[in-house]
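So the structure is just underneath, and the comments pick up after that.
The values are calculated or read from the model by the stated rules, or taken from the named source; none is laboratory data. Just so it is clear, the structure is predicted and the values come from calculations on it, not from any experiment. Cβ sites come from the backbone with ideal geometry, for glycine too, and all protein chains shown count toward neighbours.
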Amino acid sequence: MVGAGRDGESTGGQARPGDDELRRVVDLTMRVWYALTPEQARSTYATLLRAPTDVIASDPYLLNAYLLSGHLAEHPATEPDQHALVEMSAQMTGLMGETLKRAGTADEIVMMGSALLIGCRVQGDLDASERAGDAIQQRLDELARQGRMVSPRSSSRPGMLTMQRGLTATLQGDFGRAMRLCSSAYGQMGEPPYRHFAGANAAANAAMLSVLEGHVELARMWLGRLEAFSDRSSWYSYLTYLGEYVARAMLATDRLDRPTAEAALEMAGPQSAQAELWPFIAVARNTAELAFGDPVLAHEQLRAAAFAHNHRLSDSTYCGHILLRAYLNTLVAQGECATAVRLAEKAGDPPRTLVPVARACLRTGRYEDASRLAVQGIRSDDQAVRDIRELRLIRSVALLRAGRSEEAAQVFAVFHRTDDEFTAAMRARIGPQDLADLTSLIDGVDPASPGPVRDGPDAVAASLTTAEMHVLNLLADGRTIAQVAEASFTSPNTVKTHVSAIYRKLGVTKRADALWKAEQLGLL
């Protein structure tokens, strides 16, 4: 521990601080938390420098005060991302773990446990951070069962551990779990000006995740809650409210509001910032550059962000593949469609990559593939709502270009029902002529109308016999009539009879059309 005295000794011949002096230090740092001013930090740090190392290391409260005051004393508002404080947590992970073992109160466990989670994340071990968070929460739950824990709202760090667990889940790409933890942390939040930090941070992150997944009204709710907090110029504000700035930038880009997007991105800072949420900054900036600027520049900026953080884009799984998605978006925008498709396949075609791959197929004239991928994503529970919207738009264009105007109109009508100011960027990614043609197909149609009644997938599926469904799936595997007969233990003539019945019920005359129609209806 740099600066503090050796075990059992004070530093530089100065008098060792007494118990009352140390207690005042603890009382101050526990009361004001992140609202510790630089002046208070310098005074606190000077006191702790006179204390023996073993005294500080053995006391969670003093160790917390040492870390916080030391950082502020040596880095007074010079680095908004507070990278030195985060790095210090990483360097002291071992000490945090040992101190945590001796911690007996809920406050001690939350303080040391939160620092341990941060340290594990900075060291690149998200799984260790998750395991530590779960184990620490179990300790707190056990204290509660024993009646030894006050409610989370009345603790000295309300919501802190829960918020840190949510941040770990965010970086792992487990956004559903992250949202649950963010909501819990916000519910545990204390009152400003000293006890709201974790809850406000959680609300900012919840807003960011809501926008990323396309839940605009949910994002607005969280952003509305954040309007209650005015502490935006203090040393801790950048990390506390970073998620909010990213959320506002992405919403503004969605509606093609360039001035608002640029103002929010200015608040979010550069994508080289050494903040744990840097991937989200990079994605927000990349999306804005693709919407308002140059795809080549967007590509270079994204590569620069990855370089600054020693991160590979081509096989990135970080934060639920959001960086890989951004990379594929830049490739498709530059016409490197084959490369984008290849990288997505190499990654196992995660749901986050479906939109750029479908757009790549659309750009290269593979309209059936584009429509098929779009249907796959629209029906997937793992697909973000914003992506489902865009996939409907992509599918409608693919159907239009394939000469299936009636089906294109049906799909575009569904998109049109959810069309609002936040789909402006999606529409801008479609050719103006395609958009005009699609709009003309539904002109005069009530957007709320479900359209003409026609046989849906359930009706068609019910009309197909078990044998016909079996033959249909074998045909989809690419088998010939003879191979289908062999696999079905029947004659080729019987298979031909089934095929004729399938064509009739699907209203087609060719195998390709039958498979296309069956896939659109969800029969395969």
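None of 325, 359, 342 is assigned to a helix (DSSP H, G or I) and closer than 30 Å to residue 274 by Cα except 325.
Among the residues making up the stretch 25-40, those that are within 19 Å of residue 195 (Cβ to Cβ) and free of Cβ contacts under 8 Å to residues at least 40 places away in the same chain are 26, 27, 28, 36, 37, 40.
Residues checked against (1) basic (Lys, Arg); (2) modelled with pLDDT under 95; (3) under 21 Å from the mean Cα position of the chain (by Cα); (4) at negative phi:
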residue: 305; (1), (2), (3), (4): no, no, yes, yes
residue: 347; (1), (2), (3), (4): no, no, yes, yes
residue: 352; (1), (2), (3), (4): yes, no, yes, yes
residue: 360; (1), (2), (3), (4): no, no, no, yes
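Residue 411 - would you say it is within 21 Å of the chain's Cα centre (by Cα) and among the β-branched types (Val, Ile, Thr)?
Details: within 21 Å of the chain's Cα centre (by Cα): no; among the β-branched types (Val, Ile, Thr): yes.
Considered against the rule, which asks whether it is within 21 Å of the chain's Cα centre (by Cα) and among the β-branched types (Val, Ile, Thr), residue 411 comes out as no.
Select from the stretch 170-201 the residues that are of a type in the set (Gly, Ala, Ser) and either touching a strand residue (DSSP E or B) at 6+ places or on another chain (Cβ under 7 Å) or crowded, with 23+ Cβ neighbours inside 10 Å (or both) and list them in ascending order.
Selection gives 178, 185, 198, 199, 200.
Look at the stretch 218-234: where a residue is farther than 22 Å from residue 35 by Cα, no partner that is modelled with pLDDT under 95 and in a helix (DSSP H, G or I) sits 6+ places away or on another chain with Cβ atoms under 9 Å. Checking each residue in the stretch 93-130 for being out of contact with any helix residue (DSSP H, G or I) (no Cβ under 7 Å at 6 or more places or on another chain) and not polar (S, T, N, Q) picks out 94, 98, 101, 102, 104, 107, 124, 125, 127. Has the stretch 42-65 got at least one residue that is modelled with pLDDT under 90, over 23 Å from residue 97 (Cα atoms) and surrounded by 14 or more Cβ atoms within 10 Å (Cβ to Cβ)? No, that holds for no residue.
Quick check on residue 407: is it in contact with a Leu (Cβ under 6 Å, 6 or more places away or on another chain), part of a helix (DSSP H, G or I), modelled with pLDDT under 95 and farther than 19 Å from residue 283 by Cα?
Criteria met by residue 407.
Exactly one of (1) on the phi > 0 side of the Ramachandran plot; (2) surrounded by fewer than 20 Cβ atoms within 10 Å (Cβ to Cβ) is unmet by residue 91. Its number? Answer for residue 91: the failing condition is (1). Of all the criteria given as (1) without any contact (Cβ under 8 Å) to a residue 24 or more places away in the chain; (2) closer than 19 Å to residue 428 by Cβ; (3) in contact with a Pro (Cβ under 8 Å, 6 or more places away or on another chain), the one not satisfied by residue 344 is (2).
Rundown of residues vs (1) in a strand (DSSP E or B); (2) closer than 29 Å to residue 309 by Cα; (3) among the charged types (D, E, K, R); (4) in contact with a Phe, Trp or Tyr (Cβ under 6 Å, 6 or more places away or on another chain), yes/no style:
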site	(1), (2), (3), (4)
20	no, no, yes, no
25	no, no, no, no
28	no, no, no, no
39	no, no, yes, no
43	no, no, no, no
47	no, no, no, no
68	no, yes, no, no
85	no, yes, no, no
88	no, yes, no, no
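Counting residues in the stretch 135-148 that are buried (at least 20 other Cβ atoms within 10 Å of the Cβ), over 23 Å from residue 238 (Cβ atoms) and modelled with pLDDT of 95 or more gives one or more.
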